[in-house]
Every structure is written in structure tokens, then in C-alpha cells.
Amino acid sequence: MKIKLLTPILFLLPILMFAQGNALLKKIQNKYKSVSDFSSGLVQYSYSADGTVMSKTNGTITYKKKNKFLVELGNHTIISDGINIWNHDKKFKRVVISSLTDDPTSFSLERYLYDYPALCNLKSISDPSLKSGEEILEMLPKDEFLDFKSLRIYKNVENLISKLEIVDIADMKYLFEFTNIKVNQQVSDNSFSFTTPKGVKVIDLR
């Protein structure tokens, strides 16, 4: 008798998780409708397929609608004006220029919040280590056309994104942690322009 009672419950679980995932996504999207720009500290962790930490890099990020960002991360400066991306490698003295639409690895929050969800199955993830008000949204691609196996968005009590966790098709995991987030600082568009320094090689992929 107990087995018969469990059957409809197990059937309903995926539906409930899907509904919770969609509700969580809406909560985050609604928050970012009120955010025109933000700046924060940024920590990037890279993990091997077996979970070993391969690297940790500290930096900063400044972001503005739509798809404008300035990332300082280790030896790299990555700038987008919403159309093009400049990836300046200071160590090797080169800058690679590409179109935003051709770079799936860019820091486009709009892509994570509005493009990817329609292509993924969504669910809310439980984690006992989370503090009150913190939640995790997981996205699992519906097909093989996306360049990742899973994407998790961690939101804090203010419904701002505090972490992004991406597992790529080679099972490498990348974690981006946002710290000391400040929103609506009236950041100028001039912050998202790039001038190539002297002696830097330009590789234009546009």
C-alpha cells in the first residue's frame, strides 16, 4: 500500500522542482530589472574533472546594462561595450577582439538570466550550507548545443547573484564568486571602452 502511495508523489516531484526553479528564476530576474549597473570583487576558481582546485584568481568586475562589463582578473583585462569584447593579456602583450555574440564564455548576465533558461531544464537545489535567504538555481541543457553540462546561479538574501558555477563539456568546473556588491553606482559608458597600448599585438576575430 505504501508503494502505491509513493508512486504519484515521485511522479509529481519533477513537476514541483520545475515550478520552484521557474519561481526562483523570476525572483532573480525581477531584482535585476531594478539594477542598472553593479560593481564587485570577483574571485575565479578552476577545478579539474576530479574536483581538484587548479587555480584561484582575484579581481574585480563592473557591469552595466546591456552587456557592458569591465573585468580585471589576474593578467587579463576583459572589456565589452555591449557589441565587441577586448580580451587583453598583459603577460603576453596581446589583445583579442571578438563579437559579443560569438563569445559564449563572456560575462553576459543577460545571457545567463534570459537566453539560457529557455534552453534548459530548471530546478531549485537544496544545500544545508546555505544561509537564510540564499538559494541555488540549476540549469541543465535540454540538448547538446550549449557549451556546458550544468550551470548554477547562487543568489543572496537581496536576490543578487553571489556565485556562478559552470561545468563544461569536459567536466571542468569554474566558480565565479561576487563579493562586496554595490548596485546602481551610475557607472559611465566611458568605463567600457578600450585603447590598445603601444607594443600590444591585436588579434581581431570579428
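The values are calculated or read from the model by the stated rules, or taken from the named source; none is laboratory data. Everything numeric in this text was worked out from a predicted model, so none of it was measured. Methodologically, a virtual Cβ is constructed for each residue, glycine included, from the backbone with ideal geometry; neighbour enumeration extends over all protein chains shown. Ligands, DNA and RNA are stripped out before the accessible areas are found, and what is left, the full protein with its side chains, is counted by its heavy atoms. Shrake-Rupley method; radii C 1.70, N 1.55, O 1.52, S 1.80 Å.
Does residue 107 satisfy being touching a strand residue (DSSP E or B) at 6+ places or on another chain (Cβ under 7 Å), surrounded by 13 or more Cβ atoms within 10 Å (Cβ to Cβ) and outside any strand (DSSP E or B)? Here the answer is yes, as residue 107 does meet what is asked. Across the stretch 82-91, the number of residues qualifying as open to solvent by 50 Å² or more (accessible area, probe 1.4 Å) and touching a residue at least 12 places away in the same chain (Cβ under 8 Å) comes to 3. The lone criterion from (1) modelled with pLDDT under 95; (2) more than 23 Å from residue 153 (Cβ to Cβ) left unmet by residue 15 is number (2). The set of residues in the stretch 42-67 being within 23 Å of residue 81 (Cβ to Cβ) and modelled with pLDDT of 90 or more consists of 42, 44, 59, 60, 61, 62, 63, 64, 65, 67. Take the stretch 94-110 and flag every residue that is in contact (Cβ under 8 Å) with a residue 40 or more places away in the chain and of a type outside the set (Ser, Thr, Tyr). Result: 94, 95, 96, 97, 102, 104, 107, 109, 110. Screening 46, 36 for residues that are touching a strand residue (DSSP E or B) at 6+ places or on another chain (Cβ under 8 Å) and within 18 Å of residue 177 (Cα to Cα) leaves exactly one candidate, 46. The lone criterion from (1) over 15 Å from the mean Cα position of the chain (by Cα); (2) without any contact (Cβ under 8 Å) to a residue 40 or more places away in the chain; (3) surrounded by 14 or more Cβ atoms within 10 Å (Cβ to Cβ) left unmet by residue 192 is number (2).
Scanning the stretch 60-80 for residues that are in a strand (DSSP E or B) and surrounded by fewer than 18 Cβ atoms within 10 Å (Cβ to Cβ) turns up 60, 72, 73, 76, 77. In the stretch 35-59, of all residues being in a loop (DSSP other than H, G, I, E, B) and touching a residue at least 60 places away in the same chain (Cβ under 8 Å), the one that is least open to solvent (accessible area, probe 1.4 Å) corresponds to 35. Of all the criteria given as (1) open to solvent by less than 30 Å² (accessible area, probe 1.4 Å); (2) touching a helix residue (DSSP H, G or I) at 6+ places or on another chain (Cβ under 8 Å); (3) at pLDDT 95 or above, the one not satisfied by residue 95 is (2).
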